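Structure first, commentary second.
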């Protein structure tokens, strides 16, 4: 099983999607899409962008071009700007969700 968590800093709430496949860029984007469609656009109806904070490893790392392409396709599909900010290597302990 593969978990992917989305943490809403403003409301101190998390959303966890658990998949049965590997940690892929498609799984990450599907998780973001599911969160947006079930919770995000209802809680943030006037949002015009989403800031995503992530560590630098795995499928949502700063280097994989497949992830960047999947994220751009998702942004186009949802019609919302997706901003990605990666923590430097070995600093995911600063990620608010992991504290």
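Just so you know, all these numbers are worked out from the coordinates, no wet-lab data involved. None of these values were measured; they are calculated from a predicted model. Every residue, glycine as well, gets a Cβ built from its backbone with ideal geometry; the counts of neighbours run over all protein chains shown.
Summary table below
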| item | result |
| --- | --- |
| Segment 2-94: antiparallel DSSP beta bridges as a percent of all, rounded to 5 | 55 percent |
| Segment 2-94, relative contact order [Cα under 8 Å, separation at least 6], % | 27 percent |
| Residues of segment 1-32 with amide N under 17 Å of a point placed 7 Å along Cα→Cβ from residue 69 | 24-30 |
| Rg(Cα) / (2.2 N^0.38 Å) computed for the chain, rounded to two decimals | 1.02 |
| The chain: most fluctuating residue of 81, 69, 13 per GNM, C-alpha cutoff 10 Å | 13 |
| Residue-span extension gain [residue 77 to residue 5] - 0.36 nm each, minus C-alpha spacing | 23.8 nm |
